[in-house]
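Values in this text are rule-based calculations from the coordinates and carry no lab data. All values derive from a computational prediction rather than experimental measurement. Positions of Cβ are backbone-derived with ideal geometry, glycine not excepted, and every protein chain shown enters the neighbour counts.
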Amino acid sequence: TKWTKDRIIADAHENNVHFIRLMFTDIRGTIKNVEIPLTQLEKALENNMTFDGSSIEGFVRIEESDMYLIPDYDSWMIFNWDVPSDGGRIACLICDVDTTKREPFLGDPRGNLRRVLDKMEALGFSSFNLGPEPEFFLLKLDEDGRPTMDLNDDGGYFDFAPTDLGENCRRDIVLELERLDFEIEASHHEVAPGQHEIDWKYNDAIRACDKIQLFKLIVKTVARRHNLYATFMPKPIYGESGSGMHFNVSLFDKEGKNAFFDESTPDQLSKDAHYFIGGLIKHASAYTAICNPLVNSYKRLVEGYEAPVYIAWSERNRSPLIRIPSSRGNSTRIELRSVDPSANPYLALAVILQAGLDGIENKIEPPMPIDRNIYTMTPEERMAEGVFDLPSSLSEAIAEFEASPIMRDALGPHISGNFIAEKTMEFESYKKQVTQWELNKYLMMY
Ligand code: GLN
Ligand code: MG
Ligand code: MG
Ligand code: MG
């Protein structure tokens, strides 16, 4: 690894760093941080920084609230914009969370992902790579700095300025990301007005998830500077496309070769790629709650907006859950299209990896690929092809997750239990609401 304790401390002094954010992610997917002044950096790097985890949603049982933050040296990063009044700079370190007994805390999503990665290594693979494609909306702020539902522009897919007013903001976001070591591959206006997407080069699992979390922070911060609000809510506007976060994933073997690629087969996909897809298809209903964790997520998973509704895979078509992009060789990958940006990336990647590895371990053959538009197939045609529906609500998805020992095991009992409890409450609260749609539809009719 590039960074050592001494190098980080020297770098902090050289760059006039005054504060360090020790960051971690809660079960809900929110980034949390404990900010320490420079004087405490050495202590933090020696793994001696404690914090009280009891206030953090779903993080602990009441009895054991003290936690250690264990900084990942490789995540050392100095922010460019956060200059406090004395001119010093702010840096960050992403952390794992340990208990007071110095064991990995079972409620830490990042530590949990490491556990599933260990299983992957035991099966003979060296890394699981993720290239995400997050989408988001830019909204105008009101005079008090609160987000409005006024979209930032009326642009459409791949439009550019002057229609795309978000362009300058998006460009600033890209510049900021590049300074923080993101290899940006593309950024563009998305289908809906005010909607954008930024893509960067894949990383291995933990780093890729760290980057998603940093990405959200940076997008929101830079948007503010442009007097805009960035939201990753999956479906903010009825009648427009929602925001997804496609996950492009691949497994590498111990020789560093892409294990999904096999030159000798007709589709140039390996046996393991097929089994991985088999696992993703088999467990799709069960992991949906984790990849689409909000009541609102299910307003996106409807027909007509390029979001998946049916459990199927294809090499061409964009309507199914899984698509195989055409690149081969080391870029051979599986694109899972259901994931949305409200998902906790560490949890989503843990269930996806577990589902795929189950496919490999148990040689689960996927069904035949469907290379036509599933939206236009009749229910009878779908039935005949063995194409099932994804869960259509959060409550259905939670029930499917709860009924799957393999998916619950991917998160362990602590996280699974807390997740189910919290999401059940969320749905119960939603269920009781009387919506504007109901008033419009029924008030005058009855
Ligand atoms: N916005 C679409 C979704 O909800 C994806 C559109 C695209 O990237 N082709 O997933
Ligand atoms: Mg894309
Ligand atoms: Mg897109
Ligand atoms: Mg995509």
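Among the residues making up segment 82-127, those that are closer than 29 Å to PRO37 by Cβ and charged (D, E, K, R) are ASP82, ASP86, ARG89, ASP96, ASP98, LYS101, ARG102, GLU103, ASP108, ARG110.
Could you tell me whether GLY242 is assigned to a loop (DSSP other than H, G, I, E, B) and either surrounded by fewer than 22 Cβ atoms within 10 Å (Cβ to Cβ) or on the phi < 0 side of the Ramachandran plot (or both)? Taking the combined requirement at face value, the residue satisfies it. Looking only at segment 36-46, residues that are surrounded by fewer than 16 Cβ atoms within 10 Å (Cβ to Cβ) and in contact (Cβ under 8 Å) with a residue 24 or more places away in the chain come to 2 in all. For segment 259-279, a residue qualifies if it is touching a Leu at 6+ places or on another chain (Cβ under 9 Å) and over 13 Å from ALA355 (Cα atoms), and the qualifying residues are ALA259, PHE260, PHE261, ASP262. The single residue among LYS235, LYS216 that is away from ligand 4 (no atom under 16 Å from the Cβ), part of a helix (DSSP H, G or I) and out of contact with any His (no Cβ under 9 Å at 6 or more places or on another chain) turns out to be LYS216. Could you please tell me which pairs satisfy a Cβ distance under 6 Å, a separation of 6+ or placement on different chains, a first residue in segment 318-332 that is within 15 Å of ILE370 (Cα to Cα) and free of Cβ contacts under 8 Å to residues at least 24 places away in the same chain, and a second residue that is within 16 Å of ligand 3 (Cβ to nearest atom) and part of a loop (DSSP other than H, G, I, E, B)? These pairs meet every condition: ARG318/GLU306.
Name the single residue that is nearest to the chain's Cα centre (by Cα) among those in segment 287-346 being of a type in the set (Ser, Thr, Tyr), crowded, with 24+ Cβ neighbours inside 10 Å and away from ligand 4 (no atom under 16 Å from the Cβ). If we take residues in segment 287-346 being of a type in the set (Ser, Thr, Tyr), crowded, with 24+ Cβ neighbours inside 10 Å and away from ligand 4 (no atom under 16 Å from the Cβ), then TYR346 is nearest to the chain's Cα centre (by Cα). For beta carbons closer than 8 Å, sequence separation of 6+ or different chains, a first residue in segment 259-279 that is closer than 14 Å to SER327 by Cβ and a second that is of a type in the set (Gly, Ala, Ser) and part of a helix (DSSP H, G or I), the qualifying pairs are PHE260/ALA273; PHE261/ALA273; PHE261/GLY329.
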